[in-house]
Amino acid sequence: MKVLVTGSTGLVGNNLVRALLDQGHQARVLVRSSADPCPLEGLLVECFKGDVRDRASVRAACQGVQAVIHAAAAIHLGWARLEEVRGINVGGTRHVAEAALEMGIRMVHVSTVDTLGLGSPAAPADEETPAVGKVPCTYVVTKQESEDVVRQLVSKGLDAVIVHPGFMLGPWDWKPSSGRMLLTVAKQFTPVAPTGGCSLCDVRDVADGILAAWQRGTCGRSYILAGHNIRYIEAWRLFAEVAEGAGPWFCAGPLMRIIGGRFGDLRTRLTGREPDLNSAAVAMSSQYHYYSSHRAERELGYQIRPARETVQDAWRWFCEHGYV
């Protein structure tokens with residue numbers, strides 16, 4: 001089958017394209033003219049030049065395919081750039097969903113666990129956990145709004161499923177995205193770690209889960225594709241161990257978090273550019289983003305490989321491609 005993938009130069013999208021080709025399917029990709037050609041180099045894909053923010057180019061790319069996997073998104077963990085990110089995450093999703101509805105093809109919307117309710121070490125959240133407690137930053141708000149768009153069109157006949165990946169690491173992280181955390185911890189001694197935790201998963205497992213959702217998922221249903229629920233300090237120590245470096249000593253205390261967040265916000269006001277360290281990012285890193293993938297395991301056959309294997313493979317890929 002021929003499948004359109006948006007966001008094909010990103011971590012999820014690039015692994016999706018490779019998984020599709022491995023399964024014997026044909027892949028069509030929608031890429032901007034300014035996109036880095038390296039992620040798709042050597043892959044037998046059909047390239048359409050365009051942008052998810054452009055309705056006409058999305059509609060043209062959707063013609064003649066049997067499904068579309070919408071993985072394109074802008075990630076900004078902060079308070080700024082709301083309208084810019086909304087144009088990509090919400091507007092782009094609307095264009096893809098409307099085209100899929102018009103042409104009668106299945107859509108898989110790649111969202112995030114950050115739109116769901118918060119879990120805890122004692123009780124990881126699932127798809128039915130009330131969606132409260134998350135920091136209403138730019139990324140969270142726009143991804144929640146993009147899901148609302150998909151659900152509204154499902155009620156009008158769109159055949160779509162939504163998947164919620166956890167914190168992903170793995171190969172083919174060209175930009176890099178979530179791999180920036182691994183690179184930062186591995187390349188420089190970072191004695192203080194965030195206080196919260198994440199659900200660490202392998203992007204290759206997520207890609208397989210997304211394809212299973214396309215093939216076997218129930219229309220209108222959501223599926224969490226998460227992994228190992230682990231505190232950031234434990235994850236960072238694993239990162240450092242794999243990279244043969246020194247891990248963090250302790251977690252940031254309340255005063256350190258307040259100072260770090262306010263310093264980032266002050267820098268935003270002075271420069272007009274929001275740094276990675278800001279009060280929204282600090283607040284998110286202080287929460288436990290723990291999730292259960294039982295529904296995806298039961299209905300899609302989703303599998304989770306060992307965390308160490310994921311980190312090792314991600315680190316090896318970065319080393320082999322000149323990021324270290």
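Worth a mention:
- Residue in region 115-130 that is in contact (Cβ under 8 Å) with a residue 60 or more places away in the chain, surrounded by fewer than 23 Cβ atoms within 10 Å (Cβ to Cβ), of a type in the set (A, V, I, L, M, F, W, C) and not in a loop (DSSP other than H, G, I, E, B) present: no
- One residue stands out among those in region 1-31 that are in a loop (DSSP other than H, G, I, E, B) and at pLDDT 95 or above: the one that is farthest from the chain's Cα centre (by Cα), which is GLY24.
- Restricting region 247-274 to residues that are in contact with a Phe, Trp or Tyr (Cβ under 9 Å, 6 or more places away or on another chain) and either within 25 Å of MET168 (Cβ to Cβ) or among the aromatic types (Phe, Trp, Tyr) (or both), the residue that is surrounded by the fewest Cβ atoms within 10 Å (Cβ to Cβ) is CYS251.
- The C-beta contact set for region 6-21 (first residue within 14 Å of VAL203 (Cα to Cα), second residue polar (S, T, N, Q) and in a helix (DSSP H, G or I), distance under 8 angstrom, 6+ apart or interchain) comprises SER8/ASN14.
- Within region 27-39, residues that are free of Cβ contacts under 8 Å to residues at least 60 places away in the same chain reach partners that are in a loop (DSSP other than H, G, I, E, B) and charged (D, E, K, R) with beta carbons closer than 7 Å, at six or more positions or on different chains, in the pairs ARG32/ASP51.
- Residue count for region 227-279, restricted to those that are among the hydrophobic types (A, V, I, L, M, F, W, C), modelled with pLDDT under 95 and not in a loop (DSSP other than H, G, I, E, B): 9
- Set VAL206, VAL192: member being buried (at least 23 other Cβ atoms within 10 Å of the Cβ) and either within 30 Å of GLN66 (Cβ to Cβ) or touching a Phe, Trp or Tyr at 6+ places or on another chain (Cβ under 8 Å) (or both): VAL206
- Residues that are over 23 Å from CYS198 (Cβ atoms) and either assigned to a loop (DSSP other than H, G, I, E, B) or modelled with pLDDT under 95 (or both), drawn from region 93-114: GLY104, ILE105
The values are calculated or read from the model by the stated rules, or taken from the named source; none is laboratory data. The model shown is predicted, which means the values in this text are computed figures rather than measured ones. Because the Cβ atoms are built from the backbone with ideal geometry, glycine has one as well, and the counts that use them run over all protein chains shown.
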